[in-house]
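A quick write-up on the structure given underneath.
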């Protein structure tokens, strides 16, 4: 079972106080208690300005991927047979790959990497990994699991469809453990092609309350 960290020392603004860009506030810290309080309140961190400012977001609309709405093409089903799925066997490697500064739009700073590794060590953050038959990490994703919520943070691939295969495995696992909400923050054309959709912030907060009240089996 996850270990509950000391509570945050910060009073986080409500998600509904976000400005037109979805910004709730700037500053605070990345302590485990602060991160968990944020996710439970409908917020998530993403630095801006090359990592100089820690910004907390609650976008409207919010991207979610309904667990019964994942679109799996024939080619993706074939790709699923090409990889071995593992969970939490290479968490730091997955985060490092997602944080690769050569990736377009890279935003995961060293401080963010360290913060999520700490959450992982406490049992709250998890990776789903796609491995090749010869033992290479081909792709994966990571995020935070709290009750019925999984807050997806980032994904990467070094081989065709590997991140999509990890996403398929994630959805299957969430269904199996009884989770109800997969938060993807913002939708992209890529995520929409897989079934992600936008919901109003008010609806997201309703779904979040339901998810946090839903007990689940352990992620791992």
Is at least one residue of the stretch 165-178 closer than 28 Å to residue 33 by Cβ, part of a loop (DSSP other than H, G, I, E, B) and either at pLDDT below 95 or over 13 Å from the mean Cα position of the chain (by Cα) (or both)?
-> yes
Residue 97: in contact (Cβ under 8 Å) with a residue 40 or more places away in the chain, under 17 Å from the mean Cα position of the chain (by Cα), in the same structural domain as residue 149 (by TED's automatic domain parsing) and buried (at least 16 other Cβ atoms within 10 Å of the Cβ), yes or no?
-> yes
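Scanning the stretch 192-201 for residues that are in contact (Cβ under 8 Å) with a residue 40 or more places away in the chain and part of a helix (DSSP H, G or I), which turns out surrounded by the fewest Cβ atoms within 10 Å (Cβ to Cβ)?
Of everything passing the filter in the stretch 192-201, 193 is surrounded by the fewest Cβ atoms within 10 Å (Cβ to Cβ).
It is to be established whether one or more residues within the stretch 182-191 are over 15 Å from the mean Cα position of the chain (by Cα), closer than 18 Å to residue 104 by Cβ, in a loop (DSSP other than H, G, I, E, B) and at pLDDT 95 or above.
Checking the stretch 182-191: not a single residue is over 15 Å from the mean Cα position of the chain (by Cα), closer than 18 Å to residue 104 by Cβ, in a loop (DSSP other than H, G, I, E, B) and at pLDDT 95 or above.
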Can you give me the number of residues within the stretch 48-72 that are at pLDDT below 95 and either touching a helix residue (DSSP H, G or I) at 6+ places or on another chain (Cβ under 7 Å) or in a loop (DSSP other than H, G, I, E, B) (or both)?
-> 4
Of the residues in the stretch 1-26 that are in a loop (DSSP other than H, G, I, E, B) and touching a strand residue (DSSP E or B) at 6+ places or on another chain (Cβ under 6 Å), the one that is surrounded by the fewest Cβ atoms within 10 Å (Cβ to Cβ) is 13
What is the one condition in (1) without any contact (Cβ under 8 Å) to a residue 24 or more places away in the chain; (2) in contact with a strand residue (DSSP E or B) (Cβ under 6 Å, 6 or more places away or on another chain) that residue 184 does not satisfy?
-> (1)
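Check the stretch 134-143 and report whether any residue there is surrounded by 15 or more Cβ atoms within 10 Å (Cβ to Cβ), under 21 Å from residue 41 (Cβ atoms) and either touching a residue at least 12 places away in the same chain (Cβ under 8 Å) or touching a strand residue (DSSP E or B) at 6+ places or on another chain (Cβ under 7 Å) (or both).
yes
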Residue that is nearest to the chain's Cα centre (by Cα) [pool: residues in the stretch 111-133 that are surrounded by fewer than 21 Cβ atoms within 10 Å (Cβ to Cβ) and assigned to a loop (DSSP other than H, G, I, E, B)] | 123
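May I ask you to say which residue of 3, 8 is under 28 Å from residue 219 (Cα atoms) and free of Cβ contacts under 8 Å to residues at least 40 places away in the same chain?
8
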Exactly one condition in (1) over 24 Å from residue 15 (Cβ atoms); (2) in contact with a strand residue (DSSP E or B) (Cβ under 7 Å, 6 or more places away or on another chain) is not met by residue 178; state its number.
-> (2)
Within 14 Å of residue 85 (Cβ to Cβ) and surrounded by fewer than 22 Cβ atoms within 10 Å (Cβ to Cβ) - does that describe any residue in the stretch 177-189?
-> no
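The values are calculated or read from the model by the stated rules, or taken from the named source; none is laboratory data. All figures in this text were calculated on a predicted structure; none of them were measured in a lab. Methodologically, a virtual Cβ is constructed for each residue, glycine included, from the backbone with ideal geometry; neighbour enumeration extends over all protein chains shown.
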